[in-house]
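K.L.:
Please see the structure below; I have some questions.
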Amino acid sequence: MESVAIGLILLTLPPLLYIVSQKTGVRYTWTPDALQVDTGLRRYIFPYATTTARLTTQPLGSRIWGTAVSGSVTGRYTLDSSTVQALATTARPAQALLLEAGQQTFYVTPERAEEFAARFLAK
């Protein structure tokens, strides 16, 4: 029985170490063709040519589901009378981008959002 427990620990240890070693929080990377947003184990790509963007100074509203920890605000939140998918570093930024991709609206808070808003399809 003891050898089974040791075997289970050894099997689960590498994946756990990998997950813990990954950078936490939301990270933004501006590429020549798209904004890349990394949120832990998930990556979102917003191509400039097919994503609509607009600036907002409105903070996120109530959390429907998701997480809100230092440096990472993700999940569904209210904004005005609608809901958005937050991929943000803070719920109360000075300025944020609302990105419309497909049928979904994303709330992102990259530094210098105003400078990069023009890269996206204007709304």
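K.L.:
To the nearest 0.05, what FRET efficiency results for residue 36 and residue 2 with a Förster distance of 41 Å applied to their C-beta separation? Don't jump to the answer; show the numbers that get you there.
P.N.:
Working: r = 46 Å, r/R0 = 1.12.
Once the sixth-power term is evaluated, E becomes 0.35.
K.L.:
Any idea what the dipole of the chain comes to, in debye rounded to 20, about its Cα centre with Lys/Arg Cβ at +1 and Asp/Glu Cβ at -1?
P.N.:
For the chain, the charge dipole is close to 140 debye.
K.L.:
Largest first and to the nearest Å, give the Cα extent of the stretch 24-122 along each principal axis.
P.N.:
That gives 32, 30, 25 Å along the principal axes, largest extent first.
K.L.:
For the chain, take the longest principal axis of its alpha carbons; what is the angle in degrees between that and the long axis of helix 2-21, to the nearest 10 within 0 to 90?
P.N.:
Orientation of helix 2-21: about 20 degrees from the principal axis.
K.L.:
Order these peptides, 59-72, 33-46, 89-102, by their mean beta-carbon neighbour count within 10 angstrom, highest first.
P.N.:
On the way: 59-72: 13.4, 33-46: 15.7, 89-102: 17.5.
My ranking of the peptides, most packed first, is 89-102, 33-46, 59-72.
Every read-out reported here was derived from the displayed coordinates using simple, explicitly stated rules and does not represent laboratory data. Since the structure is predicted, the reported quantities are computational estimates derived from the model, not experimental observations. All Cβ positions, even for glycine, are placed from backbone atoms using ideal geometry, and neighbour counts span all protein chains on display.
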